[in-house]
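I have placed the structure first, in the form of structure tokens, so that the comments after it can refer back to it.
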Amino acid sequence: MTDYLITDYGGCADADCTAAIAKAIDACALTGGRVVVPDGEFVTGPIRLRSNVELHLSAGATLRFHTDPTAYPIVRTRWQGIECFSHSPLIYAYDESDIAITGTGTLDGGASTDNWWSNTRPRTDWERLLRMVEADVPVEDRIFEPGHGFRPSFIQPHTSRRVRIEDVRIVNAPMWVVHPVFCTDVLVRGITVDSLGPNNDGCNPDSCENVVITGCSFTTGDDCIAIKSGRDADGRRVGRPSRNILIESCRFTTGHGALTIGSEASAGASNIQARDLHITTPAGGPVVGAGVDHALRIKTNSLRGGVIEHVIVENVVADAVTTSAILITTRHAEPEQFGGHAPVVRDITVTNLAVRSAPRTVEIHDTPQARVESFTLTTSETP
């Protein structure tokens, strides 16, 4: 495999390396290989990966990203389950194959309350996007100009095949951290996510198939792993479920749900297996407001619809959860009137669950129109 060092293309430590990284990727894409970030701290704007390119961070390397939204071009993306054109993710790929991000270095999004996190709910733009969906505006015309739009995901391979993200440490994301959209054959292995900002979900396969998430650690400001497939009418329009997903040997320290399905799951989610998961207590002991709320969290409502089925969770040890070990609801943020799209939640099996401390073991909230079906739970002796 040929290595392309960004320093050979003009990259310098503590300087803007956006152009150097782009040149290295262009050169690498001609024959395939690795674009290498060597030891040191390097500053960059958005990175766009291309087929047959592996972005590799050496052990002592840090890539620190710009926090000015105007540095990020407008691209096709999916934001909270709705397609639109908005700010590019920090690392983005569209319709590529055989792409990877590897190495034990650090990706630092630089997000804080001084920049990305200060505008957590762009209400005007969000309402505008919802109106576009209601009016059947084509995705190509749902464009948000620079200065508007939404906080981008950190890593988003979009409509891509054979994606690998391995070993890197990821901190301070603007929004969702690892967010593959419409991808097949995705491997996320050995990564460490430490990002406590708003909506900082750790890994969100979104309308993806054949996904493995293994040996990862999550300390997040929202759900740790959240399986998605689109929101409401726009999710049903696309109609691509998430399915054939394996999650194994992962560790969770802080987050709303260790494993969450929904709430943006309007195209459905099925054939999900999770095993050998460990929810740990934050370092220094329990802290008010810290920790993991739920080991398994399934959430949907009558606006979302969709079928969530064939979910197997086994061999889970939770040192503590702050709320309930398992929460399943078909009326999450339910509208005052029935939304007309009754979700289906069925064939959920949890075996060998060991919880040392929890206010509740199981909560199920459903409605006459959307009952939770076929839920099975077996627990084990708490060590």
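The values are calculated or read from the model by the stated rules, or taken from the named source; none is laboratory data. Note that the coordinates shown come from a computational prediction; the quantities given were computed from them, not determined experimentally. Virtual Cβ from ideal backbone geometry, glycine too; neighbours counted across all protein chains shown. Remember, those area values only see protein heavy atoms, side chains included, never the ligands or the DNA or RNA. Shrake-Rupley method; radii C 1.70, N 1.55, O 1.52, S 1.80 Å.
Give the residue, chosen from Ala283, Ala267, that is open to solvent by 20 Å² or more (accessible area, probe 1.4 Å), touching a Ser or Thr at 6+ places or on another chain (Cβ under 7 Å) and aliphatic (A, V, I, L, M).
Criteria check complete, one pass: Ala267.
Any residue at all in the range 167-177 that is surrounded by fewer than 17 Cβ atoms within 10 Å (Cβ to Cβ) and in a strand (DSSP E or B)? No, there is no match, as no residue in the range 167-177 is surrounded by fewer than 17 Cβ atoms within 10 Å (Cβ to Cβ) and in a strand (DSSP E or B). Residue pairs whose Cβ atoms lie under 6 Å apart, separated by 6 or more positions or on different chains, with the first residue in the range 101-129 and more than 10 Å from Arg151 (Cβ to Cβ) and the second among the small types (Gly, Ala, Ser) and not in a loop (DSSP other than H, G, I, E, B), are Gly105/Ala61. Whether a residue is free of Cβ contacts under 8 Å to residues at least 40 places away in the same chain and under 17 Å from the mean Cα position of the chain (by Cα) was assessed, and Gly291 does not pass this test.
Among the candidates Ala100, Ala24, the residue that is farther than 18 Å from Pro174 by Cα and either over 19 Å from the mean Cα position of the chain (by Cα) or of a type in the set (Val, Ile, Thr) (or both) is uniquely Ala24. Counted as qualifying within the range 184-273 are no strands (runs of 3 or more DSSP E), as none has 3 or more residues that are charged (D, E, K, R) and within 17 Å of His158 (Cβ to Cβ). Pairing each residue of the range 133-154 that is open to solvent by 40 Å² or more (accessible area, probe 1.4 Å) with any residue that is part of a loop (DSSP other than H, G, I, E, B), provided the two are 6+ apart or on different chains, yields no C-beta distance under 6 Å. The residues of the range 319-351 that are open to solvent by 50 Å² or more (accessible area, probe 1.4 Å), closer than 21 Å to Ser270 by Cα and in contact with a strand residue (DSSP E or B) (Cβ under 6 Å, 6 or more places away or on another chain), listed by number, are Arg331, His332, Arg346, Asp347. Considering Ser217, Ser195, Ser160, the condition of being modelled with pLDDT of 95 or more, more than 24 Å from Asp232 (Cβ to Cβ) and open to solvent by 20 Å² or more (accessible area, probe 1.4 Å) is satisfied by Ser217 alone.
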